[in-house]
1. Please report the accessible area of K77 (heavy atoms, 1.4 Å probe, ligands and nucleic acids excluded) in Å², nearest 10.
2. How long is segment 119-232 along each principal axis, judged by its Cα atoms, biggest number first, in Å?
3. Ignoring ligands and nucleic acids, what accessible area does D379 show with a 1.4 Å probe (Å², nearest 10)?
4. Carbon-plus-sulfur fraction of the accessible area of segment 154-209, 1.4 Å probe, in percent?
5. If DNA, RNA and ligands are ignored and the probe is 1.4 Å, what is the ranking of S266, S93 by accessible area, most exposed first?
6. At 7 Å along Cα-to-Cβ for each site, give me the label-to-label distance between E234 and D91 in nm.
7. Please compute the net charge surrounding M272, taking Lys and Arg as +1 and Asp and Glu as -1 over other residues with Cβ under 12 Å from its Cβ.
8. Check V256: other-chain or 5+ apart residues with amide H under 5 Å from its amide H, H built from backbone geometry?
Amino acid sequence: MGLIKAAKDAIGSLMADQWREYFYCNSLSSDVLVVKGEKRVEQGRNSNTKGIDNIITNGSIVAVNEGQCMIIVDQGKIVEFCAEAGEFLYDNSTEPSLFYGKLGENLKQSFSIVGKRFSFGGNPAKDQRVYFFNTKEIMGNLFGTANPVPFRVVDANIGLDVDIAIRCNGEYTFKIADPLLFYANVCGNVTEKYTKNELTSLMKGELITALQPAFAKISEMGVRYSAIAAHTVELTQVLNQELSDKWGQTRGIEMVSMTINGMKASEEDEKMIKELQKTAVFRQADMAAATLATSQAEAMKLAAANKNAGPMMAFAGMNMAQMTGGMDANTLFGMSAAQKAAAQSSMPNQGAAAMPNQGAAAPTAGAVLGWTCSCGKTDNRHKFCEECGKPKPESAGWTCSCGHVNQGKFCPECGSPKPAGAPLYKCDKCGWEPEDPTKPPKFCPECGDVFDENDIK
C-alpha cells in the first residue's frame, strides 16, 4: 500500500505542478531590501490549489517593477537575473509544463520526473524560488560619532598643521548595486523578507571607523572641518573608496549621498586655532605695525587718564616697554614699505622706468645709482646681490660709467668726477641706500633710523 500511495502522490503532485505560475512583488518600502516572490492565487478563481511551493513550472511569468531586480534560484544556485522592468518569461525551468512548449517532449520529461518523485515518497526533490531586490536609494540612515574623531587641520596660508578632535552627525543613503553579491554574501535564501535593520547597525559602525581616514584625505585637500558640510560629495567619494572592500566588493552596496548636520570641535581646539590664525596675521609688517600703533594709542589714552601714577610715569613705563620689545611702529612700517618696493621692482615692466610721473628724479648721466657686485651685476639696490646673492660690501661707494666702484670724488680708473647734483643719502647706521639717493624716506626701512644730514654721503 505504501508504494501505491507514493506513486499516487507522485503523479498527483506532478499534475498539480503543470500549471504555469505568475509571480509578482508589491511596492517595497525603504526598510525592506529583499523579499521572496509570491504566486498570484485568487480565491474562487484559481484551479491550481494543490501546487507545491518553491516549484516554478516552465513558462511561468515574473513581473518586475521599476526600482526592483529579480533573481531565480534553482537548488540554491542563481539561474536567472533580470533588472529591467516588465514581464520576464522563465522558459528554462527544469520542471516541464504540458501547457508550454512541445507536448511530446513535455510528456516524456514529465514521466521521468514521476519516477524521481516516486523515489522520494511522492515529494519533489527540488527547490526553486523567486527573489525581488529593492534597488532604489535607501534613505533615513542616521549616524553620529559617540567619541571624538581625529581631524588634521591644514592651513597652507599660515603654515598650520595640527591634529584636533571633532564630533559630527548626519544621514547617509545607500543602494544595492550588485544584487548577486548581496544574495550570496548577505541575505541568502530568506523565507520571507530581509530588512535593513538587520544590516544598518553593522554599517553604521563601519562608517564611523572609515570616517578617520576619510577626514584625513579631506584635510589634505585644504578643506577645513567647519566647511566639510559643503563638501559632502567629495566626502562620499572618499568614504566609498575606504568602504569598497566591505561594502562594494563583499556585499554589493555603495553609498549614494551623505549630509552633515553638525560638526563641532572642542572649545580648547577652537580657541587654539583662532589664536594661531590671529598670531599669523602679524607676519605681515604693516599689520604688526598697525596693531602696535593701536596699542600705543590705547596706552596713551590710559596714561592720560591715570590720575594716581601721573601721566609722566605712565609714559615712561610705555617707553620702557617699547625699548624692551626692540621694535616700534615706524620701523615696522618702514619694513613693509621696503618689502612692497622690492616686490614691485621684481615685477616685469613695473619698475621705476616703466612708471612715469611717480616723483622719481632722473639719475645723473653716466652714473649708476646702485652698487656693483664682484660677479659683475650692476645697479644692485639692496643689501644682497640680485644675481648671486652675495652681501653688499660695506665700503661700496658710487659706480662710475666705466664700471669702477669709487669712494672718492674722482674715479681712479678713468678720472671722471663724481656726479654732481642733489646730496646723496645713505643710512649711517646700517648702510641702506634708497632707490633714489636724492630723495630718502623719513625712516630707514632696515633699521628704523631717522634720515638727517648725518646720512649724506
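1. 140 Å²
2. Cα spread of segment 119-232 along its principal axes, largest to smallest: 83, 23, 23 Å.
3. It works out to around 50 Å².
4. 46 percent
5. S266, S93
6. Distance between the two pseudo-spin positions: 5.4 nm.
7. -3
8. T173, F174, K175
The values are calculated or read from the model by the stated rules, or taken from the named source; none is laboratory data. Just so it is clear, the structure is predicted and the values come from calculations on it, not from any experiment. Here the Cβ is made from the backbone with ideal geometry for all residues, glycine too, and neighbour counts use every protein chain on show. The area values use the complete protein model at the heavy-atom level, side chains included, leaving out ligands, DNA and RNA. Shrake-Rupley method; radii C 1.70, N 1.55, O 1.52, S 1.80 Å.
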